[in-house]
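For reference, the structure discussed in these notes is given below.
Please treat every number below as a calculation from the coordinates, not as lab data. Remember, predicted model here, so these are calculated numbers, not experimental data. Note: ideal-geometry Cβ built from the backbone for every residue, glycine included; neighbour counts use all protein chains shown.
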Amino acid sequence: MTSTAPPPVGDLSPAPSPLHRLARSAERVHLPPQPLVRNLIFFVFGCAFFYVLTVSVSAYNDFQIGQIALYAVVLAGLSLLTGLNGQFSLGHGAFMIIGAYALALLQVHSPMNLALELVLATAVAAVAGVVVGVPAARLSPPYLAGVTLLLALGLPQLSAQYGSVFGGEQGLTTTPPIAPGSISSEQWLAWIEVLCALVVILLLANLVRSRFGRNFRAVRDDEVAAAVAGIHVARTKVLAFAISAGCAGLGGALLALSTGVVNVGEFPLSLSIALLAAMVLGGAGSLVGIWWGAIALVYMPTWSTSLSKQLSLGTSASAYLSDAIFGVVLIAVILVAPTGIQGGVRWLLRRLWVAITGRGSAGAAGARAGPLGPGSGAGSAPGAGPLAAAEVAASGDGVPPAVGGGPRTTRVPDDRRPGTGTPAADVAETRQGGERS
Amino acid sequence: MGFFVDVLLSGVTQGMVFAAIALGLVLISRATGVINFGQGAMGMFTTFLAYSLLEQGIGYWPAFVAALAIGFVFGALVERTLMRPLLGTSPLNPVIVTIGLLVVLEGVAGSIWGNTARKFPAGFSQRGLVIGTTRVAFSPFDVFIVAAVLVLVTAIVVLFRWTDVGLRMRAAAFSPEVARLLGVRVSRLFILGWALACGAGSLAALLVAPLSSFSPYYMDLNLIYGFVAAVLGGLVSPLGALLGGLVTGLAISFAGGYIGSDVEPMAALVLLLIVLMARPQGLFGGTMARRV
């Protein structure tokens, strides 16, 4: 993952190849400067992509696409929390439980419009996030991890203690949405889940570019500098945590919808840790990378079952093997490729861009920085406009460009587009090291 | 009254185990600022190794000592191979790696030994002592637990306060750069810190295993109670860890005894949140050690 600054080859390059000319013309396509408009364009592309995908595959694959989308919702929140705000949670499974049970209880006691139910389930989880986040946010990240780990272990046991409300071991059932017309129920469910995922990512992509997003990054990079710049540090951390918990709650509610039952057995501690591993695998802070993580989460049980068959370990070992693989992934990614898959993809695309056009971007230097927390994440816009477009097009999922977690530049990039820097962000960005401990 | 005393005594026993885990967390946290979430799983793994040794026909005490030694070496290995490359990167990275270690060890243990609940033998009788005419929930083995943890805490305090190595360890934890300039081999002391911490974690795992059945996941809750104990104690001093362990053990024991065993983790969570709100530096901590 080490990249060196490309040698300047501009004037020495031979006559432009067709590929070169294509790249040059791609450069002339200017995306609108407003983040909202740009993100909306990607949103529309994403909707179109998933529509084509869901109608062209089987019902079972539709179900899996829906699962990927709902995990993408959870991972989007987690990625925002870690990559942008430098906190991390071991208990997002618990917030999924809260969202799932909130939806099921709403459906049992006062059924209403599905969209309203989902919003309420999200809100309940976000409020729970505030309750947990307020005490923990005043402290350094490991405290939050410990508090959320305790939540992930303790919350499932409450459903046994208060079985009359939460249905005990059996849990509660949910009513799946009724598909209109001739659409199959799997396809309808997949559409709902994908739409939720894309809306969440659209909202988060805008949030990241807003004042709040800059505050998140400033607090991540240096709490003292952020406070000096007038940012309320604790409030910012709690806000990030609440948003993240709300995303997990929405994901949990969608999972409850798609499986038809809510049962704490579906949300063991290993799920929370697998979520963390998937987020790190995709690339912390990247809203594109979460899709890699979501795919890994959905397909890992299948892969580990076939792997344990190949190793002839017996059927009971495959569940353990899946957990162990996530653990190995977690360790290996942090040690070897801290920017995750999306970091690798971004690096490859940048190399390709340089190879084709013979021009580098200032952000290419210093890719071997930590991915998480201070000294990580792209403080600047990752890549220039056309590069970001190329990245989205090549990764094929049509969501807004990555929002952070990119290779940290070792200096303040001088090609930063005007208007993206604020005093707060600048304060944070002038201090690059990861000295805080 | 009898029930109250039993709950109190079992709280003390549990509290001692949590204190040992908290001590391990404190040793690593104050040297490197990392919370070792893998410590419980490392203890679990060494306990399974001790169990395998017992099945081979080796006696209880040799297996006990062997497990402690394995935990010690294991801790040193983890520091050298997994933690050292992450020195100087984002402080989140080593913590995430310890979580990875937790899942890997549980997965490997589950693949090897399965998820069946096993019974680990105890070194002493587990029948409650008779005081006067009533039998209380405090067995000779519980006495051993309390004694072992007290010896451990005393040894650590003595090491830190009155030995040369301890002084160097404190210096390395206080300011690695300055200590290095003064000729202290800081990286070796980090290895020693991890080894001691994981030895303490193995001791806790071996002590708590006979209290109920054990399986690959039995240390999860114990680890997190140990974390609560460490935070209560302020995450800096061995004595704080001991007192934090006692408070946590008693709180959990009373919540379990009077409300129901399923609320124990939430009781610990509430305790932790209250302490973090009211006294973020811990009940027994001094000023909060937070480097900026």
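Averaged over A:269-281, how many beta carbons belonging to a partner chain fall within 10 Å of each residue's beta carbon?
Counting Cβ atoms of other protein chains within 10 Å of each residue's Cβ and averaging gives 3.
Counting only trypsin sites (Lys or Arg not before Pro) that sit in a DSSP loop (anything but H, G, I, E, B) with at most 13 other Cβ atoms within 10 Å, what is the longest stretch of chain B containing none of them?
After excluding every exposed loop site, the longest remaining stretch is B:1-118.
Grab the alpha carbons of the stretch B:135-292, take their convex hull, and tell me the volume per residue in Å³.
Taking the convex hull of the Cα positions in the stretch B:135-292, it is 139 Å³ per residue.
Output the direction-averaged projected area (hull surface divided by four) of the convex hull of the alpha-carbon atoms of the stretch B:1-63, in nm².
That works out to 6.4 nm².
Taking the stretch B:20-219 as the region of interest, what is the percent of Cα-Cα pairs per 10 angstrom bin, listed from the shortest bin to the one with the maximum distance?
9, 33, 32, 19, 7, 1, 0
Using Cα-Cα distances under 8 Å and only pairs 6 or more residues apart, what relative contact order does the stretch A:120-217 have, in percent?
It rounds to 9 percent for the stretch A:120-217.
In whole Hz and in residue order, list the ³J(HN,Hα) couplings for the stretch B:78-88 that follow from phi through the Karplus curve 6.51 cos²θ - 1.76 cosθ + 1.60, θ = phi - 60°; x for Gly and Pro.
Along the stretch B:78-88, the couplings run 4, 4, 5, 8, 9, 8, 4, x, 9, 4, x Hz.
What is the set of long-range amide H partners of A:Gly283 at a cut-off below 5 Å, with H atoms built 1.01 Å from backbone N?
Distant-sequence amide H within range of A:Gly283: A:Ile341, A:Gln342.
Give the peptides A:287-296, A:157-166 in descending order of average Cβ contacts within 10 Å, highest first.
Ranked by mean Cβ neighbours within 10 Å, highest first: A:287-296, A:157-166.
Counting only C-alpha contacts under 8 Å and six or more residues apart, can you give the relative contact order of the stretch B:20-219 as a whole percent?
43 percent
Counting only C-alpha contacts under 8 Å and six or more residues apart, can you give the relative contact order of the stretch A:66-157 as a whole percent?
39 percent
Can you work out ³J(HN,Hα) from phi for every residue in the stretch A:87-103, in order, using Karplus 6.51 cos²θ - 1.76 cosθ + 1.60 and θ = phi - 60°, giving whole Hz and x for Gly and Pro?
Karplus-based 3J(HN,Hα) across the stretch A:87-103 equals 10, 8, 10, 9, x, 5, x, 5, 6, 5, 4, 4, x, 5, 5, 4, 5 Hz.
Starting from the amide H of A:Val261, placed 1.01 Å from N in the peptide plane, find each other amide H under 5 Å away whose residue is 5 or more places distant or on another chain.
A:Thr174
So what's the net charge close to A:Gly93: Lys and Arg +1, Asp and Glu -1, counting the other residues with Cβ under 14 Å from its Cβ? List each step's numbers first, then the result.
Working: positive: none; negative: A:Glu266, A:Asp323, B:Asp220.
Result for the local shell: -3.
If r is the Cβ-Cβ distance from B:Arg180 to B:Val65 and R0 is 45 Å, what FRET efficiency results, to the nearest 0.05?
About 0.85, to the nearest 0.05.
Springs between alpha-carbon atoms under 10 Å, Gaussian network over chain B: tell me which of B:Ile131, B:Ile58, B:Ile112 tops the mean-square fluctuations.
B:Ile131
Rounded to whole Å, give me the distance from the Cα center of the stretch A:139-202 to that of the stretch A:263-339.
If you average the Cα positions of each part, the centres end up 19 Å apart.
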